[in-house]
Each structure stands twice: as structure tokens, then as C-alpha cells.
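Here is the structure we will look at.
The values are calculated or read from the model by the stated rules, or taken from the named source; none is laboratory data. All values derive from a computational prediction rather than experimental measurement. With ideal geometry, Cβ positions are generated from the backbone for all residues, glycine too; neighbour counts draw on all protein chains shown.
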Amino acid sequence: MRRIILTLASFAALVAVASPAAQAHPANDRYCLQGRMWGYPGNCQFASYQQCLATASGTSASCGINPRYAFSQQYAY
């Protein structure tokens with residue numbers, strides 16, 4: 001009986017993690033540092049454009065909007 005309960009609990013946890021609501025984009029990945037060494041879409045950990053520019057200063061990298069954020073489906077609540 002314990003094995004069945006543990007299996008069902010594990011399955012429920014797996015479904016909860018894999019649901020689309022759990023994969024929502026956090027607000028801190030709106031801008032990406034893009035350049036030769038970063039690839040595409042780049043290092044997407046910046047919440048503001050100014051943060052990205054400060055990190056890119058002195059390098060050959062540039063900043064752009066995260067394509068996952070730009071092309072994500074917008075929901076109206």
C-alpha cells in the first residue's frame with residue numbers, strides 16, 4: 001500500500017512540475033547579452049536594459065530583448 005501511495009505522490013509531483021503554469025517566464029530575463037561568446041539568444045538574466053548594458057560595456061557584446069519573452073503569448077487577466 002505504501003508503494004502505491006508513493007508512486008501516486010511522485011506522479012502528481014511530476015505533473016505539477018511539468019504543467020505550463022510552472023514554466024512561466026520570470027521577470028528577470030527580459031534582456032539578453034548577445035555576442036560571439038554568448039551565442040543566441042545569449043545570456044538572458046537581466047531585468048533591465050541598463051543592467052545588460054553595464055555588463056556589456058568594454059566587450060564586443062550587445063543587448064537585445066529576450067526572444068522567449070518577446071514572442072511569448074500574452075494573457076489578458
Sort out which residues of the range 16-49 are modelled with pLDDT under 70, surrounded by 10 or more Cβ atoms within 10 Å (Cβ to Cβ) and not in a loop (DSSP other than H, G, I, E, B), and write them in order of number.
16, 28
Looking across the range 50-59 at residues that are without any contact (Cβ under 8 Å) to a residue 24 or more places away in the chain and hydroxyl-bearing (Ser, Thr, Tyr), the single one that is surrounded by the fewest Cβ atoms within 10 Å (Cβ to Cβ) is 57
